[in-house]
Amino acid sequence: MRDALVITKRQLLQLLRVPEVLIFSTIQPVMFVLLFRYVFGGAINTPGVDYVQLLMPGIFVQTVAFTVASTALGLAEDMQKGLIDRFRSLPITRSAVVVGRTLGDATLNVVVLIVMALTGLLVGWRPSSSLVEIFAGFLFLLIFGYAMSWMGVLVGLSVRDSRVANSAVFLFVFPMTFLSNAFAPTTGMPRPLQYVAEWNPVSTMVAGVRDLFGLEPMFGATANSFPSQNPLMMSLIYMGLLMAIFIPLSVRKYKNVTPK
Amino acid sequence: MSASIIAEDLVKTYGAHREVRALDGLSLTVHEGTVLSLLGPNGSGKTTTVRILATLLRPDSGKAHVAGIDVVKNPQQVREIIGLSGQYAAVDETLTGWDNLIMFGRLYHLSSRGAKARAEELLEKFSLTDAAKRPIKTYSGGMRRRLDLAASLIVKPKVLFLDEPTTGLDPRGRQEMWEVINELVKGGVTLLLTTQYLEEADQLADEIVVIDHGHVIAQGTADSLKREVGGERLELSVPFENLAEARGIVERLTNSVATHDPQMHKISVAAPGGTSTLVEALRQFDAVGIQPLDIALKRPSLDDVFLALTGHVAEEKEEEVSGQSKRGKR
Ligand SMILES: Nc1ncnc2c1ncn2[C@@H]1O[C@H](COP(=O)(O)OP(=O)(O)OP(=O)(O)O)[C@@H](O)[C@H]1O
Ligand SMILES: [Mg+2]
């Protein structure tokens, strides 16, 4: 664990040395908030509730879902530069490098979520639940991001090339976040897609977080299915599954990885 | 003198169908406190060998021990006592030299204080103190390489692996690196170093192992290998009208037959006498009024060693596959 924290510290130090990375990784979600709030928001009809209240949880979830990209990118870069090789020749715990990386990305998420929440407050976002619930909502987001991060570990170590890692992840995460209830009600989608959207972990997360922020979680839930009835529980199951699958696979991959 | 690194019959294949035989029964021994240089052209299996010995890669078959520890069975114990500096400097480019050394120090489980003290010491030793607070991105190739080496020396390893430590450096950078390495060797470390340059092996190594296509094709001291190859050659070019006369002079001088390349007006002859042969040749040319356009002593290059040892020129990677089939006939 101490070894992992050294790796995390290194990643945070990188952010200090090249602050542009941190700036751009927060500007992007902030831009999304503004775009959706003022550009698409007017066109999306949400009777009875302000669009920005529904939007913010959606954008939070989208942002943490993309942790898979930053983790994959970071590891692929370390791989390309031979750093992973060097770490593997050191007498440290085998999981230290990947655990450290995921913790670093989680820390970055904390910063990004705070900046986004402040932006949200500026443009009219007002969660109506108790402070404890709001806090629980953010905790939920962080854990989801952490689970996605482990998927990124496997991708990054497998593709071993930062450009490939980037496009591979985007190809997968973009549809995943849009094929959900995050930005618009799923009721407008063709029937088969509605089912996909309903079971999509992004949707259950969005519904769950909306719930914790004091909104009706229904937005988008099309049927009385299990995920739409129990979004929080379903999200927990998804997070558990993600970690149960990707943590062992990633650690094993790390042990045997060879650079290109 | 006991053996510090032993590799026995290492085989490593790559590819889905194991079609690339990177190591094909490679064996070598490095004695404690000595330097062994693994000499070979691109794609001959140098990096693969180093990676196996440094526990980064498992061999398909064969055995390897470092300081008596099995690298496959007890890799973690091996990692405690080795230092590795890979073929390409592997340091965090966005961080400063100082940050990097502290990070690696902490990963080697030094205390915060200890890591700082060691970082200072190493930066000083590798003349990087002035650049310590600059990001590695701003370092020259030579500085980067030195920092990379420094990072592998944090806990004073018993056994050190350096994969092509001077490739890509200019002559001065190379010279500096050689000095640093010689210094280390005096400190008693056991060193396995790979290189593509016979000259480098010559400078640094007690023993040289020449590999090609993943197995050993020759081994010995620099002198014994050079003797095998034929030692230094005197090469000169003279104006056309002096060609025959000049050739006669150098042949008499060295007592051997010269080769000559008519297009370049170039004469080449084995010169075991080295510089004294060169001086004598110049004196005699002067006496008869020949002014050579160019004259130089040439040390045998890796190409010459290869030509002499294998009868073929060192092959490029692209020709690997055809090289594989040729090997069978040797
Ligand atoms: N990860 C890999 N996948 C497939 N083939 C590989 C891999 N790594 C090395 N090879 C092949 O194995 C052979 C030996 O490679 P190795 O890197 O050990 O050679 P080398 O002597 O270090 O070469 P160089 O001087 O270019 O560094 C080469 O034919 C190379 O193409
Ligand atoms: Mg190599």
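Derivation of every value follows stated rules applied to the coordinates shown; laboratory data play no part. Since this is a predicted model, take the numbers as computed values, not measurements. All Cβ positions, even for glycine, are placed from backbone atoms using ideal geometry, and neighbour counts span all protein chains on display.
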Open item on the list: I need the helices of chain A that pass two filters: whole DSSP H segments spanning 27 Å or more by Cα along the axis, and mean Kyte-Doolittle score no lower than -1.0.
Closed with: A:96-122, A:131-159, A:231-256
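Please tell me the relative contact order of chain A in percent, rounded to the nearest whole number, where contacts are Cα pairs under 8 Å and at least six residues apart. Walk me through the numbers on the way to the answer.
Working: 349 pairs, mean separation 70.7, N = 260.
Value for chain A: 27 percent.
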TODO: Could you work out the relative contact order of the range B:232-298, using alpha carbon pairs under 8 angstrom and six or more residues apart, expressed as a whole percent?
DONE: 50 percent
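Could you give the dipole magnitude of the range B:232-298 about its Cα centre, charging the beta-carbon of Lys and Arg +1 and that of Asp and Glu -1, in debye to the nearest 20?
120 debye
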- [ ] For the protein assembly as shown, report the translational diffusion coefficient in µm²/s to the nearest whole number, using Stokes-Einstein at 20 °C, 1.002 mPa s, and a Kirkwood Rh over Cα pairs.
- [x] 77 µm²/s
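Quick check on chain B: helices-only [θ] at 222 nm, where DSSP H runs of length 4 and up contribute -39,500 (n - 2.57) each and the sum goes over total residues. Nearest 500, please.
Values: 12 runs with 125 residues, N = 330.
Per the formula, -11500 deg cm²/dmol.
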Open item on the list: With just the Cα atoms defining each centre, how far is the range B:16-59 from the range A:1-74? Give it in Å.
Closed with: 45 Å
Open item on the list: As I understand it, the value is the acute angle between the Cα axis of helix B:275-288 and the longest principal axis of the Cα atoms of chain B; what does it come to in degrees, rounded to 10?
Closed with: 30 degrees
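What's the local net charge at A:Ala182, with K and R +1, D and E -1, over the other residues with C-beta under 14 Å away? Walk me through the numbers on the way to the answer.
Working: positive: A:Arg37, A:Arg210; negative: A:Glu198.
Once all neighbours under 14 Å are counted, the net charge is +1.
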Open item on the list: Net charge around B:His109, counting only other residues with Cβ within less than 9 Å of its Cβ (Lys, Arg = +1; Asp, Glu = -1)?
Closed with: +1
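Before anything else, pin down the relative contact order of the range B:137-269: Cα pairs under 8 Å, at least 6 apart, normalised by residue count, whole percent.
After rounding, I find 16 percent.
Counting DSSP beta bridges in the protein assembly as shown, what percent are antiparallel, to the nearest 5? Could the numbers behind the result be given before it?
Numbers: 35 of 53 bridges.
DSSP beta bridges in the protein assembly as shown are roughly 65 percent antiparallel.
Net charge around A:Leu12, counting only other residues with Cβ within less than 13 Å of its Cβ (Lys, Arg = +1; Asp, Glu = -1)?
On the way: positive: A:Lys9, A:Arg10, A:Arg17, A:Arg101; negative: A:Asp105, B:Asp92, B:Asp99.
Neighbourhood net charge equals +1.
Once every DSSP H run of n ≥ 4 in chain A is given -39500 (n - 2.57) and the sum is divided by its residues, what mean residue ellipticity at 222 nm do you get, rounded to the nearest 500 deg cm²/dmol? Walk me through the numbers before you get to the answer.
Numbers: 12 runs with 192 residues, N = 260.
Calculated at 222 nm, the ellipticity per residue is -24500 deg cm²/dmol.
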